[in-house]
């Protein structure tokens, strides 16, 4: 690795020094000891930096050095002047948790909240859908610049019960509905414009209800919809029983056919395809028990499989997955939402922010966000929107999302 000058908001982690630790440590799925140093960069010569750390956490939530460099390839992702800033916040409930779908025409990002008690008296848990509008230009470098950005909660024409992950589909937003009680898990399309009309595309596997569809991606070659289905609805008491294993499915909306395409996961979660659509990345978040706890010895793993074309005797072309193998393991929390950039680098929301691996599975960098990121999305070229429960962050860098043109 060559020695190059770094932008001021970037800190380097020396691989050699990181390989052998000389100070006491006892890490589970928590943040490493150097994590706090990113908040206290201006007080490196101070013996006690706790006040600096607390000030940063309580103010803008933006570390002084949020970009962590493990390999110089990360500089190509960051560009010469990477920035991270808060663009929206809401302290009363976890409004920004999952989905993250960029609609270029309206410059809006749609996202879902985490579960919260909408009616504390009856302990009725709800998930809200919101959107945030990005300004056309933003030249400011302020760490907290929410005044330029507008966000609002929306109400779909028909309810999307406990929505979670989502993706772009048919000029709108395709949500994973986890369901609750007698309401089944489903894939639901929503128009991105008022009155936000909805349409259910799929809500069962040959009569057997899904567990809790979690995240979804579209394979461009044939328009098929691929989604994960872990058992978080049962773990969080949204549903009493699950009727299927935790698996990954492929749905073809043109024909209505539904196939199981991958198993062997404890809790399959995020899903994304490589830029050339020859690889499919699926995260396993066994380390998240669904109740707010981290399990240090559980899977926090990204798996990769080859996308293989198959032609039937009748000439119908379909795709399946083969050669499942480990791609990466997250050192903090678990890899939740997952995206890929045009260079093939893989991004995933983890317990301390967003981790970035090169196509070979080597960790090249992190974008630190206090208390982590569940999901995120690429927007304009060089813009990433991060969802952090009570805050939304905007990253300005050099990367471009693989499926955002």
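Were the residues from residue 183 through residue 266 laid out at 0.36 nm apart, the gain over their Cα-Cα distance would be 27.5 nm.
Working note: 222 nm ellipticity from helices only, DSSP H runs with n ≥ 4, each -39,500 (n - 2.57), summed and divided by the residues of the chain, gives -1000 deg cm²/dmol to the nearest 500. Distance between the pseudo-spin-label points of residue 326 and residue 20 (7 Å out from Cα toward the beta carbon): 2.4 nm. Here r is the Cβ-Cβ distance between residue 243 and residue 343 and R0 is 41 Å; the resulting FRET efficiency, rounded to 0.05, is 0.50.
For the stretch 70-396, rounded, prolate or oblate, judged on the Cα gyration tensor with a ≥ b ≥ c (square roots of eigenvalues), a/c < 1.5 rounded, else prolate if a/b > b/c? Rounded, because the longest to shortest axis ratio a/c is under 1.5.
Taking square-rooted eigenvalues a ≥ b ≥ c of the alpha carbon gyration tensor, is the stretch 179-254 rounded, prolate or oblate, where a/c under 1.5 means rounded and, failing that, a/b exceeding b/c means prolate? List each step's numbers first, then the result.
On the way: a/c = 2.08, a/b = 1.33, b/c = 1.57.
Note, shape of the stretch 179-254 comes out oblate.
Residues in the stretch 249-265, backbone N under 11 Å from the label point at residue 208 (7 Å along the Cα-to-beta-carbon vector): list them, ranges by number please. Residues passing the 11 Å test: 260. Put a dot 7 Å past the Cα of residue 255, heading toward its Cβ, do the same for residue 306, and the two dots end up 2.3 nm apart.
Taking other C-beta atoms within 10 Å as the exposure proxy, 242, 97 rank 242, 97 from fewest upward.
Could you calculate the FRET efficiency of residue 297 with residue 219 from 1/(1 + (r/R0)^6), where r is the beta carbon distance between them and R0 is 45 Å, rounded to 0.05? Before the final figure, lay out the partial values.
Values: r = 34 Å, r/R0 = 0.75.
Calculated value: 0.85.
The stretch between residue 36 and residue 148, if pulled fully straight at 0.36 nm per residue, gains 37.4 nm over its current Cα-Cα span.
Where a number appears in this text, it was derived from the coordinates with a stated rule and is not lab data. These numbers were taken from a predicted model, which means no experiment stands behind them. All Cβ positions, even for glycine, are placed from backbone atoms using ideal geometry, and neighbour counts span all protein chains on display.
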